[in-house]
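One structure is given below, encoded as structure tokens.
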Protein chains: 2
Amino acid sequence: MKPEDRFVEKVRALLPQREGVILGPGDDAAVVAGSSGPIVATTDMLVESVDFLAGEEPDVIGRRAVAVNVSDLAAMGALPSWFLLSIGFPTARGEDFPLAIARGAIARGDQFGASLVGGDLSNAAVIVVSVAMWGNPAGNLMTRDGASPGELLYLSGDPGRAAAGLRLARRLEEFSRHGGAATPRFSGLSTPHVEELLRAYRDPEPRLALGSRLAREAIATAAIDVSDGLGVDAGRLARASGVRLEIDALALPVSASLRAFAQIEGEDPVDLIVNGGDDYELLFCAPESAEEGFEEIAGESGVALWRIGRVVPGSGVILRQGRNEREIGDAGHDHFETPR
Amino acid sequence: MKPEDRFVEKVRALLPQREGVILGPGDDAAVVAGSSGPIVATTDMLVESVDFLAGEEPDVIGRRAVAVNVSDLAAMGALPSWFLLSIGFPTARGEDFPLAIARGAIARGDQFGASLVGGDLSNAAVIVVSVAMWGNPAGNLMTRDGASPGELLYLSGDPGRAAAGLRLARRLEEFSRHGGAATPRFSGLSTPHVEELLRAYRDPEPRLALGSRLAREAIATAAIDVSDGLGVDAGRLARASGVRLEIDALALPVSASLRAFAQIEGEDPVDLIVNGGDDYELLFCAPESAEEGFEEIAGESGVALWRIGRVVPGSGVILRQGRNEREIGDAGHDHFETPR
């Protein structure tokens with residue numbers, strides 16, 4: 001178990017029983033009873049040099065802060081309505097800086113039906129952006145704990161690209177610090193690939209249409225958004241559901257951009273998918289019978305769906321790669337542990 | 001207008017119209033339409049060395065983060081139900097540190113009916129604690145904009161003590177950095193006074209019972225919590241209501257502890273009340289006829305109520321002190337402008 005998850009366990013142990021709590025800490029979002037239906041709420045704090053690179057454009061920081069919260073709600077099958085935005089920043093940067101963060105957040109929220117209704121400003125030595133967002137379930141609530149043996153495991157989109165993008169972004173930063181051109185070429189990588197990978201990291205696309213569809217039609221039995229790498233997030237889902245997940249490495253989607261990047265780096269793209277964070281794709285379980293509708297759902301949601309493995313009795317997450325099998329349920333990025 | 005208020009104006013200008021927003025940015029909390037009644041939501045971010053002193057006990061940081069959010073809801077006449085807690089901290093401090101913050105927050109929330117339901121952890125170079133809290137109106141919504149000429153102006157509790165406490169806390173910090181005893185005596189100030197002033201700053205008491213009572217009985221026509229000093233917060237209320245506030249310096253409550261502190265400092269205690277932040281008392285307007293019930297309300301709420309002035313046509317905030325009159329509507333602390 002990751003330190004972040006251990007921490008959540010300890011916090012849960014401190015909480016008194018309280019009527020109206022449908023789901024407390026430990027899933028992608030909290031659920032409380034509203035007077036006529038559940039409210040689904042989440043919060044994420046982004047810190048400079050940890051959750052985004054120093055020097056990132058303020059409007060991109062705002063977009064990202066909103067997107068990662070939308071992703072949490074998407075993983076619960078909820079639709080966002082409102083958000084609060086707190087910004088800590090060095091006041092010497094002037095008020096245009098937080099205003100640009102707010103502008104990015106407002107524009108990004110607008111695309112998902114989430115409106116800014118309040119916030120807070122503070123002076124701070126580093127840039128910190130915290131969003132709290134809430135809304136209502138689109139249908140069934142999707143939690144992490146509903147998977148059963150016999151079901152299959154699915155993943156959306158093109159994971160691993162964000163990890164590649166982060167590495168490129170770091171090199172860009174390094175490069176510009178030494179006075180290089182604003183957009184250097186990365187030897188062997190096409191400009192569209194570079195741009196695609198960078199965008200995957202900097203400006204992730206939360207899978208809200210997919211999440212709400214899976215919930216509305218009660219397709220997924222369990223779901224989580226992949227923010228800390230496929231390994232660790234699959235591990236969380238497995239632990240919450242009390243099952244074992246078996247993932248077939250050959251079934252993992254490797255985009256052309258990720259393949260090109262991994263080749264140049266002399267790395268297995270599967271490792272970038274398993275260990276890399278920040279993808280914000282949805283990982284979910286469903287019975288095989290659900291696959292019938294997937295083509296249409298993928299089309300409507302604008303994102304590909306991949307069958308990557310299956311749910312079996314037991315615990316942990318196994319990656320099958322040729323003849324090898326390895327445990328990956330604790331692999332991946334941990335916000336608690338590792339600065340980046 | 002303070003930079004923080006100017007910023008809010010600019011953010012408001014960016015916001016598209018959205019159905020369901022009863023009150024957007026610019027008051028103590030936001031109000032949105034829930035399916036069967038309004039939801040009142042607020043957020044505050046506390047940053048180390050800005051909103052609390054470096055070296056503060058983690059459980060006190062957690063208590064404070066909850067208290068200032070409860071205060072925002074109290075000023076709206078709302079009762080809190082739920083909160084989310086995000087903590088950024090140097091991970092080298094170990095997980096006991098954020099756990100102690102959470103423990104303080106949970107315990108403090110419990111006293112006001114607010115339960116922790118979720119949160120986020122991040123590595124950060126400085127300690128940052130962000131709380132988002134929401135609940136429902138206890139009765140009428142109390143906003144800043146309902147005051148009318150002819151009404152009177154009231155203030156709760158013993159303001160100014162937090163500003164004195166902050167100054168004492170800073171000296172304590174300075175003192176301990178030079179290897180002094182843990183609890184030095186401040187020459188001329190009794191130990192109970194020192195403790196009272198320190199507590200007023202470090203562990204403020206939100207006026208929730210008072211705020212919800214004023215709302216339930218529709219007593220206050222406008223209200224605000226005094227977080228940035230009486231001057232600037234009265235200025236905000238005056239501006240929102242389109243009125244002028246006249247405050248009588250002789251009517252301002254000066255506690256024995258504040259009087260003793262001010263005497264030793266050779267300062268007018270009124271200046272500490274007008275300019276000092278962090279008191280979290282309630283400032284509100286009501287017709288004179290409401291005063292009949294104040295004794296009982298004060299008793300029930302456990303806090304004194306003071307008539308400190310009146311509402312007249314015009315704009316700004318005037319402090320009358322003997323023959324002098326001065327404009328104080330822009331006086332006070334600004335979180336945007338001034339680190340402390």
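Each residue of segment B:232-241 is assigned a 3J(HN,Hα), and the resulting list reads 5, 6, 5, x, 5, 5, 4, 5, 5, 8 Hz, derived from the Karplus form 6.51 cos²θ - 1.76 cosθ + 1.60 (θ = phi - 60°), x at Gly and Pro.
Remark: label point of A:Asp203 defined 7 Å out from Cα along the Cα-Cβ vector; separations to the same position in other copies 4.9 nm, ascending. Across peptide A:84-90, the average count of Cβ atoms from other chains found within 10 Å of a residue's Cβ is 6. Taking θ as phi - 60° and the Karplus parameters 6.51, -1.76 and 1.60, the scalar couplings of segment A:220-229 work out to 7, 8, 7, 8, 8, 8, 8, 9, 10, x Hz in sequence order, x denoting glycine and proline. In this structure, the amide hydrogen of A:Ile22, modeled 1.01 Å from its nitrogen in the peptide plane, lies closer than 5 angstrom to those of A:Val31, A:Val32, A:Ala33, counting only residues at least 5 positions away or on a different chain. Residue-normalised convex hull volume from the C-alpha trace of chain B: 142 Å³ per residue.
Charge tally for B:Val312 (other residues, Cβ to Cβ under 15 Å; Lys, Arg +1; Asp, Glu -1): -1. For peptide A:132-144, the mean count of partner chain Cβ atoms within 10 Å of a residue's Cβ comes to 2. Over the protein assembly as shown, the pair-distance histogram of Cα-Cα distances with 10 Å bins from zero comes to 3, 15, 25, 24, 16, 10, 5, 1, 0, 0 percent, rounded to whole numbers.
With helices as the sole contributors, chain B gives -11000 deg cm²/dmol at 222 nm; each DSSP H run of n ≥ 4 counts as -39500 (n - 2.57), and the sum is divided by every residue. For segment A:137-205, the Cα gyration tensor yields ellipsoid semi-axes of 37, 13, 10 Å (square root of five times each eigenvalue, largest first, whole Å). Summary of packing: across the peptides B:144-151, B:101-108, B:73-80, A:298-305, the per-residue average of other C-beta atoms within 10 Å ranks them, highest first, as B:73-80, B:101-108, B:144-151, A:298-305. All other residues whose Cβ lies under 11 angstrom from that of A:Val303 are scored, Lys and Arg at +1 and Asp and Glu at -1, for a net of -2.
Summing +1 for each Lys or Arg and -1 for each Asp or Glu among the other residues whose beta-carbon sits under 12 angstrom from that of B:Pro58 gives -2. For peptide A:275-288, the mean count of partner chain Cβ atoms within 10 Å of a residue's Cβ comes to 0. Highest mean packing first, where packing is the average number of other Cβ atoms within 10 Å per residue, the peptides B:22-35, B:246-259, B:112-125 line up as B:112-125, B:22-35, B:246-259. Per residue, the accessible area of segment A:212-340 comes to 40 Å² when a 1.4 Å probe rolls over the protein heavy atoms. Here the protein assembly as shown carries DSSP beta bridges of which approximately 75% are antiparallel, counting only pairs with both residues inside. In whole percents, the pair-distance distribution calculated for segment A:168-305 from its alpha-carbon pairs, binned every 5 Å from zero, is 2, 8, 15, 19, 19, 14, 9, 6, 4, 2, 1, 0.
The values are calculated or read from the model by the stated rules, or taken from the named source; none is laboratory data. Bear in mind the structure is a predicted one, so any value in this text is a computation, not a measurement. Quick reminder, even Gly has a Cβ in these numbers, built from the backbone with ideal geometry, and neighbours come from all protein chains shown. Each accessible area value is taken on the protein alone, full model and side chains, heavy atoms only, with ligands, DNA and RNA left out. Shrake-Rupley method; radii C 1.70, N 1.55, O 1.52, S 1.80 Å.
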